[in-house]
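Everything below concerns the one structure shown next.
What follows is calculated from the coordinates using simple rules that are stated; it is not laboratory data. Computed from a prediction, not measured in an experiment: that's the story for all the values here. All Cβ positions, glycine included, derive from the backbone under ideal geometry; neighbour counts span all protein chains shown.
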Amino acid sequence: MNKNAKIAVIGLGYVGLPLARLFATKYSVVGFDINEARVKELMNGTDSTLEVEDDLLQSVLKNSSTEDNGLYCSTDLSDLEDCNYYIITVPTPVDKNNRPDLTPLYKSSETVAKVLKKGDIVVYESTVYPGVTEEECVPVLEKHSGLKFNKDFYVGYSPERINPGDKEHTVEKILKVTAGSTPEIGKQVNDLYAEVITAGTYLAPTIKVAEAAKVIENSQRDINIAFVNELAKIFNMMGIDTQDVLEAAGTKWNFLPFKPGLVGGHCIGVDPYYLAQKAQEIGYHPEIILAGRRMNDSMGQYVASEVVKLMLQHDIKVKGSKILVLGITFKENCPDVRNTKVVDVIKSLKEYGVEITIYDPLANAEEVKHEYGLETVNKLPSEKFDAVVLTVAHKEFMEMDLDQLKNGSTVVYDVKGVLGDKCDRKL
């Protein structure tokens, strides 16, 4: 069946587009998204997320959904009717109370159900807690399609492992975990991905195992970063350079090389809440997971307080001062601003009555304004500042002459620990 596969990828963001582009090298693929502007830019051969180079994207584009191998992007549901694989790659955020929000999954499942046919397979890539695919999504598919699960249609799960902004570990170079609702479907899904994933695949015994494996990947990273964030706070009070300590400890072969910092984005800062929610539903309070989340969520306020202390130590009046924040995205060399914890730093700094200028050459100013109500600039300001705070290690910032931003008494705080002797203090 895989030889005749026609694949629909639902959601053309940081996860969906690279996957759709990759599958389009061997299969007929329809990329579906409800954002008309997004679909239009992709069909014009440009990806504003910077995950797929324009030449790569243009090399697989085709003019209609009925053509053979290649990628056609659409907002028209009818273009999905001939597909037999539906891969859902929508985001799984949390709400303001850090509770899992499955709305995008529900809505995308309803969309797919409208075109679902006998024999079709729906594969979910969104990060969820164990049980969501079969207990939450399948009922939606059954209700809106009128078809019976594991009789008329089947489901699979293959958690995304996209690392936004990483041009080395691209989707085909990262081993892919797969699973299916029956052993036969699991093998079929695994074989489909194996056609394009050069790093190989791993067929998990059940969908719940695959869901659990994904959610603990990011929970593990979150807890490790929380540990070094706590170390940073301790060593700062002791007058010890945390980076020096980590470099010394890193000389041991099995020391894990984690660094302190702001933990945001759509994965590490979110996924642990999914596992914690499920654990609490079954009567277990996950102490370590939630402790890690509390530590990492506190870092924005901590950075702001350290910047203010640094200014006071240099006799810089805080209230009314001008502070330049370098970077608003959640990570370096990436335009993604989802769940960026830089906004926590900015919010806390503003409580001291300072004037903030946010400079980020990669972030979309309209998106930042819409999501956070903050104004950003995409060109380096010509004025001088009382403090400069590097929050994101964009390569543009590494090459920047910070002296042009100083007024004679300016202090520089380096959250990422990448400026060397060009900063006055680092996290």
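Charge dipole (Cα centre; +1 on Lys/Arg Cβ, -1 on Asp/Glu Cβ; no other charges) of region 214-295 amounts to roughly 120 debye.
Here the sum of -39500 (n - 2.57) over DSSP H runs of 4 or more residues, divided by the residues of the chain, equals -10500 deg cm²/dmol at 222 nm, to the nearest 500. Rounded to the nearest 0.05, the FRET efficiency derived from the C-beta distance between S298 and R425 at R0 = 22 Å is 0.75. Approximating the spin labels as points 7 Å out from Cα along Cα→Cβ, the L256-to-N150 distance works out to 3.5 nm. Site-free segments of the chain were taken between chymotrypsin sites (Phe, Trp or Tyr not before Pro) in DSSP loops having at most 11 other Cβ atoms within 10 Å, sites themselves excluded; the longest one is 1-252. Label point of V377 set 7 angstrom out along Cα-Cβ; within region 313-340, amide nitrogens under 19 Å from it belong to 320-329. At an R0 of 35 angstrom, the distance between the Cβ atoms of D244 and K317 translates into a FRET efficiency of 0.65. When +1 charges are put on Lys and Arg Cβ atoms and -1 charges on Asp and Glu Cβ atoms, the dipole computed for region 298-426 relative to its Cα centre reaches about 300 debye. Calculate the spin-label point distance for E366 paired with T198, positioning each point 7 Å from the Cα along the beta-carbon direction, and give it in nanometres. Computed distance between label sites T198 and E366 equals 3.6 nm. Ranking A279, Y202, N150 by how far each Cα lies toward the positive end of the dipole of the chain (charges on Cβ) leaves A279 at the top.
Legend: calculated FRET efficiency, K143 to K347, from the Cβ-Cβ distance at R0 = 56 Å, rounded to 0.05, equals 0.85. Dipole magnitude for the chain: computed about the Cα centre from +1 point charges on Lys and Arg Cβ and -1 point charges on Asp and Glu Cβ, it is near 720 debye. Loop-located trypsin sites (Lys or Arg not before Pro) across region 190-261 with a Cβ neighbour count of 14 or fewer within 10 Å are K252, with loop assigned by DSSP. Each label point was placed 7 Å from the Cα along the Cα-to-Cβ direction; for E184 and V209 their separation is 2.0 nm. Given their separation in residues at 0.36 nm each and the Cα-Cα distance between them, M398 and K118 gain 95.3 nm when the chain is fully extended.
Between K173 and S409, residue separation times 0.36 nm minus the direct Cα-Cα distance comes to 80.2 nm. Screening the chain for DSSP H helices whose Cα atoms reach 18 Å or more along their own axis and whose mean Kyte hydropathy is at least 0.0 gives 207-238, 299-313. Taking each residue as 0.36 nm, the span from T66 to K3 lengthens on full extension beyond its C-alpha to C-alpha distance by 21.1 nm.
Considering only G239, T111, G180, and ranking their Cα positions along the charge dipole of the chain that arises from unit charges at the beta-carbon of Lys, Arg, Asp and Glu, the one farthest toward the positive end is G239.
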